[in-house]
Amino acid sequence: MASLEQRVGVWKGERGWRVCFGPPGAEARVSMQEDCLTQVQDERGIVTRYTWNQELGVATQRIDNYLSGQSGPDKNKTTEFEYTADGNLKKLRAKSTTPGDQVTE
């Protein structure tokens, strides 16, 4: 089995940041802003978006299967992260309309 370092690569190409996960040819487009990862689009076109607290340098929100203006149980799956003042994870909230948000503290 290949090590993680051998299976993951990130580099800046002509069309923006690129990342490779796993087997050869598995590639994703990566968007960054102020040195923070803001969006990843895999080879199937599935998008994951991130929002950051620049001061703490931590992700405050992740949206899996991001699709602008669309809704459904498998679309725009949002997870919010809350941190203590020193940057430790305090609360994780998986947003859901049914049966309601799931919170881990």
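Subtract the Cα-Cα distance of Gln33 and Val58 from 0.36 nm times their separation in residues, and report this length gain in nm to one decimal.
7.7 nm
Packing here is the average count of other Cβ atoms within 10 Å per residue, and on that basis the peptides 44-56, 83-95, highest first, run 44-56, 83-95. Based on the convex hull around the alpha carbon atoms, segment 53-105 presents an average projected area of 4.2 nm².
Between amide H atoms placed 1.01 Å from N, distances below 5 Å from Trp52 occur with Thr60, all of them 5 or more places distant or on a separate chain.
No value in this document is a laboratory result; all are computed from the given coordinates. Just so it is clear, the model here is predicted, and its values are computed rather than measured. Backbone-built Cβ (ideal geometry, glycine too); neighbour counts: all protein chains shown.
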